[in-house]
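Participant: Provided herewith is a single structure, encoded as structure tokens, for subsequent inquiry.
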Amino acid sequence: MKYALPLFFVFLISFRPPETSVYICGSTGAKKYHYNENCRGLSSCSHEVVKTSLKQAQRYGLTLCGWED
């Protein structure tokens with residue numbers, strides 16, 4: 001049983017929670033991100049709706065849509 005402890009630590013180190021995906025309007029003036037692809041806040045997007053990670057959307061300076069908070 002002397003190997004159980006090191007294997008447990010390898011599991012903890014290698015485990016990463018899945019990234020959260022969000023949707024943003026592909027225009028340069030976009031200010032919000034959306035968890036739901038069908039959010040009514042995206043209805044006025046005249047460009048492509050793009051799926052990206054939450055971290056990336058926050059790096060762009062986007063904030064959560066008011067319809068979803």
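The values are calculated or read from the model by the stated rules, or taken from the named source; none is laboratory data. Keep in mind the model is a prediction, meaning the values are calculated, not measured. Cβ: placed from backbone, ideal geometry, glycine included. Neighbour counts: every protein chain shown.
Table: residues versus (1) modelled with pLDDT of 85 or more; (2) more than 13 Å from the chain's Cα centre (by Cα); (3) assigned to a strand (DSSP E or B).
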| residue | (1), (2), (3) |
| --- | --- |
| MET1 | no, yes, no |
| GLU19 | no, no, no |
| SER27 | yes, yes, no |
| GLN56 | yes, no, no |
| TRP67 | yes, yes, no |
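Participant: Restricting to the stretch 32-52, name every residue that is surrounded by 13 or more Cβ atoms within 10 Å (Cβ to Cβ) and not in a helix (DSSP H, G or I).
Facilitator: LYS32, TYR33, HIS34, TYR35, ASN36, CYS39, CYS45, VAL49, VAL50, THR52
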